[in-house]
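Peer 1: Just dropping this structure here.
The values are calculated or read from the model by the stated rules, or taken from the named source; none is laboratory data. Source: prediction; values computed, not measured. Every residue, glycine as well, gets a Cβ built from its backbone with ideal geometry; the counts of neighbours run over all protein chains shown. Just so you know, the surface numbers come from the protein's heavy atoms only, side chains and all, with ligands and any DNA or RNA stripped out. Shrake-Rupley method; radii C 1.70, N 1.55, O 1.52, S 1.80 Å.
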Amino acid sequence: MTTPTFSHEYWMNHALTLAQRAWQEGEVPVGAVLVHNNQVIGEGWNRSIGKHDPTAHAEIMALRQGGMILQNYRLLEATLYVTLEPCVMCAGAMVHSRIGTLVFGARDAKTGAVGSLMDVLNHPGMNHQVEVIEGVMATECSALLSDFFRMRRKEKKALKIANRDPGPITHQG
């Protein structure tokens, strides 16, 4: 019996579920799933705030697990599914881990290092090239992030208003 092959959308849905977990923990909702031979070998979601660790991005968490599962830092022929275009740190880790393919959903105009701000993965000086497939479920991935930051802005605004309100004025006589 052969293992069924799952689509990019199937794995991106899994990454979106992990991104929801990040949201529930008060983190920026980014999720990542590392797949090798059609099986999950690593999962991650942003945990930098909760772990007090600037490197605890979804991608790094998934790559670390994959290394432990395969007992090798070289994750040859693995595919990493991420809901958001990776940053410089995560793109560098992908090159070092030698993953075969990166599949991501939404672009990140501010810090994206796979074409938006810069392109680490396709830099000619890199010792490993990662195939990139972008835009898989981009609408869903973008919507999750937009909803999260909209909620954050509302919370900050409410907090500002609450801190500004002196409450009822009472006269002492």
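Peer 1: Relative to the Cα centre, what is the charge dipole magnitude of segment 60-173, using +1 at the beta carbon of each Lys and Arg, -1 at the beta carbon of each Asp and Glu, and rounding to the nearest 20 debye?
Peer 2: Values: 13 positive and 10 negative charges, 129 e Å.
My answer is approximately 620 debye.
Peer 1: A further question on this structure: Please give me the summed charge of the neighbours of Asn72: other residues whose Cβ is under 13 Å from its Cβ, Lys and Arg +1, Asp and Glu -1. Don't skip to the answer; put the middle values down first.
Peer 2: Details: positive: Arg64, Arg74, Arg98; negative: Glu77.
Summing Lys/Arg as +1 and Asp/Glu as -1 gives +2.
Peer 1: Taking the Cα centre of segment 1-132 as origin, sum charge times position over the Cβ atoms of Lys and Arg (+1) and Asp and Glu (-1), and report the length of that vector in debye to the nearest 20.
Peer 2: 200
Peer 1: Can you pull the percent of the chain's accessible area that's carbon plus sulfur, 1.4 Å probe, other chains left in place?
Peer 2: On the way: 5600 of 10120 Å².
Heavy-atom surface of the chain belonging to carbon and sulfur, 1.4 Å probe: 55 percent.
Peer 1: Based on the Cβ-Cβ distance from Val40 to Asp147, what FRET efficiency comes out when R0 is 25 Å, to the nearest 0.05? Intermediate results must be reported in sequence, preceding the final value.
Peer 2: Numbers: r = 26 Å, r/R0 = 1.03.
After rounding to 0.05, the efficiency reads 0.45.
Peer 1: Would you be so kind as to identify which of Gln129, Tyr10, Ala93 lies farthest towards the positive end of the dipole of the chain, taking Lys and Arg as +1 and Asp and Glu as -1 on Cβ and the Cα centre as origin?
Peer 2: My answer, from the dipole projection, is Ala93.
Peer 1: From the protein chains alone at 1.4 Å, what is the descending order of accessible area for Tyr10, Tyr73, Tyr81, largest first?
Peer 2: Order by accessible area, largest first: Tyr73, Tyr10, Tyr81.
Peer 1: For the chain, count the residues as N, evaluate 2.2 N^0.38 Å, and divide the Cα radius of gyration by that value, please.
Peer 2: Values: Rg = 19.5 Å, N = 173, 2.2 N^0.38 = 15.6 Å.
Here the Cα radius of gyration is 1.25 times the empirical estimate.
Peer 1: Give the shape of segment 18-71 as rounded, prolate or oblate, defined through the alpha-carbon gyration tensor: a ≥ b ≥ c are the square roots of its eigenvalues, a/c under 1.5 means rounded, and otherwise the shape is prolate if a/b is larger than b/c and oblate if not. Spell out each step's value before the answer.
Peer 2: Details: a/c = 3.41, a/b = 1.70, b/c = 2.01.
Oblate, since a/c reaches 1.5 and b/c is not below a/b.
Peer 1: With the contact rule set at Cα under 8 Å and sequence spacing of 6 or more, what percent relative contact order holds for the chain? Before the final figure, lay out each step's value.
Peer 2: Numbers: 333 pairs, mean separation 29.4, N = 173.
Normalised by residue count, the contact order of the chain is 17 percent.
Peer 1: Still on this structure: Provide the packing ranking of 148-155, 132-139, i.e. peptides ordered by the mean count of other C-beta atoms within 10 Å per residue, highest first.
Peer 2: Numbers: 148-155: 11.8, 132-139: 16.1.
So the peptides 148-155, 132-139, ranked by packing, come out 132-139, 148-155.
Peer 1: Over the heavy atoms of Glu43, what accessible area does a 1.4 Å probe trace out, to the nearest 10 Å²?
Peer 2: Taking all protein chains as shown, Glu43 has close to 60 Å².
Peer 1: Go ahead and estimate [θ] at 222 nm for the chain from helices alone: -39,500 (n - 2.57) per DSSP H run with n ≥ 4, summed, over the residue count, rounded to 500.
Peer 2: Numbers: 5 runs with 71 residues, N = 173.
Helix-only estimate at 222 nm: -13500 deg cm²/dmol.
Peer 1: For every other residue with a beta carbon closer than 12 angstrom to the beta carbon of Gly42, add +1 if it is Lys or Arg and -1 if Asp or Glu, then tell me the sum. Don't skip to the answer; put the middle values down first.
Peer 2: Numbers: positive: Arg64; negative: Glu43, Glu59.
Cβ neighbours under 12 Å give a net charge of -1.
Peer 1: Could you give the accessible area per residue of segment 26-173, probe 1.4 Å, as a whole number in Å²?
Peer 2: On the way: 8310 Å² over 148 residues.
Averaged over the residues of segment 26-173, the accessible area is 56 Å².
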